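So the structure is just underneath, and the comments pick up after that.
The values are calculated or read from the model by the stated rules, or taken from the named source; none is laboratory data. Quick caveat: nothing in here was measured; it's all calculated off a predicted structure. Virtual Cβ from ideal backbone geometry, glycine too; neighbours counted across all protein chains shown.
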Amino acid sequence: MTQVALANASLMQLLFAMRRKLWARVMFRLVVKFFGSAGLSAGLAILASYVFAKKKEVRGKTVLITGGAAGLGKAMAAEFARRGAQRLILWDIAADALASTQKELQAANPHMQIEVATVDISKRETIYNAADALLSKVGFVDIVINNAGILGGKPILEQEDRRIQMVFDVNAMSLFWMTKKFLPPMMERNDGHIVVVSSLAGIFASPLMVDYSASKFAAKGFTDALRMELAKLGKPGIKTLCICPAAIKTDLFKGFSLPGMSAMTPEYVANQVADNVQSKSELLITPFLAPKMGMITGAIFPVWLVDLLNKPASNVMAKFDGTKANEVFAKMEANRTK
């Protein structure tokens, strides 16, 4: 274009003129084509890795689930039973609910070994004792699912100190004690799977959930670091999976709601968990689209704008019913006085 033409050109005309001028340069074309081909190849390679990847076999495996008496834990037990697990081991603090779940699952799966133990995972020594007894009996646990969780549901200044401590003991510290017991046999065999149930609150924080969000951020960080450590130690056969679900329809989260995002059934999430264990993926965020978009905007936008966009979610605890949570806290508090 001449100087006169350039002076009178629109922005789009200028961009097209620049494109033609750049495209005329051989090196520029080669670079664009190279990176375009590389990007396409990488995309196809990633797609192929999912399509042709060998699925992890869960049939015949031993699966341990904490918090297995009800809610998501019970649903996951039923799902892994359906997929052919040989032995289910369920730990929970609620002895009556645990016995009822065992009876129900055993009736539906008469040929499966289903074992239960009343375990308060807020206490390190309780975990260690239960793990030692279990490992001396079964020798090896293929899949360890750290599902048990608790939340306070109060403003930080109203939450009792002991309950803040218990939230962290269950949601975060128990991951260390469980892993220190069940990882060594996995290391010997270079085989196994450690699953951690974090939360969408471990990615996006909300008011009235300071203790819960902080513990779930810790749970996700624990899983990420453990995965990297296992890779550094040369143990590719041991897999990890971090689960970050939004609201689930369970008694523990009764009344909790996310605007524009209906609560999921435990059975739906359990099916996704089993799928992701079998596909050996490292992270499950469910539902997928909205949280992923939120993560992208959180990385790009300034903090004040992210907080503004998250404003509709600031009332997620407005109708929270803490009855079930209080029952669990009461059991843990009773155990600590023994």
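Data table
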item	result
Meets criteria (at pLDDT 95 or above, within 19 Å of ILE243 (Cα to Cα) and of a type outside the set (Asp, Glu)) for ALA219	yes
The range 297-338, residues that are among the acidic types (Asp, Glu), under 22 Å from ILE164 (Cβ atoms) and in a helix (DSSP H, G or I)	GLU327, GLU333
Helices (runs of 4 or more DSSP H) lying entirely in the range 67-167 (those with 2 or more residues that are surrounded by fewer than 17 Cβ atoms within 10 Å (Cβ to Cβ))	95-108, 124-138
Cross-chain or 6+ apart pairs with Cβ under 7 Å, the range 163-179 first and in contact (Cβ under 8 Å) with a residue 12 or more places away in the chain, then of a type in the set (D, E, K, R)	ILE164/ASP211; VAL167/ASP211; ASN171/LYS216; TRP177/ARG124
Meets criteria (closer than 21 Å to VAL328 by Cβ, touching a Cys at 6+ places or on another chain (Cβ under 8 Å) and among the hydrophobic types (A, V, I, L, M, F, W, C)) for VAL167	no
ALA330 being modelled with pLDDT of 80 or more, buried (at least 17 other Cβ atoms within 10 Å of the Cβ), among the small types (Gly, Ala, Ser) and within 24 Å of THR66 (Cβ to Cβ)	no
Qualifying residue in the range 51-64 (condition: of a type outside the set (D, E, K, R), free of Cβ contacts under 8 Å to residues at least 24 places away in the same chain and over 20 Å from PHE253 (Cβ atoms))	yes
Residue match in the range 268-277 (condition: among the polar types (S, T, N, Q), in contact with a strand residue (DSSP E or B) (Cβ under 8 Å, 6 or more places away or on another chain), assigned to a strand (DSSP E or B) and under 24 Å from ALA85 (Cα atoms))	no
Exclusive hit being without any contact (Cβ under 8 Å) to a residue 24 or more places away in the chain and more than 20 Å from the chain's Cα centre (by Cα), set THR323, THR337	THR337
LYS311 without any contact (Cβ under 8 Å) to a residue 12 or more places away in the chain and closer than 16 Å to SER257 by Cα	yes
Positions within the range 180-215 being free of Cβ contacts under 8 Å to residues at least 60 places away in the same chain, closer than 24 Å to VAL63 by Cα and either part of a helix (DSSP H, G or I) or basic (Lys, Arg) (or both), in sequence order	LYS180, LYS181, LEU183, PRO184, PRO185, MET186, MET187, GLU188, ARG189
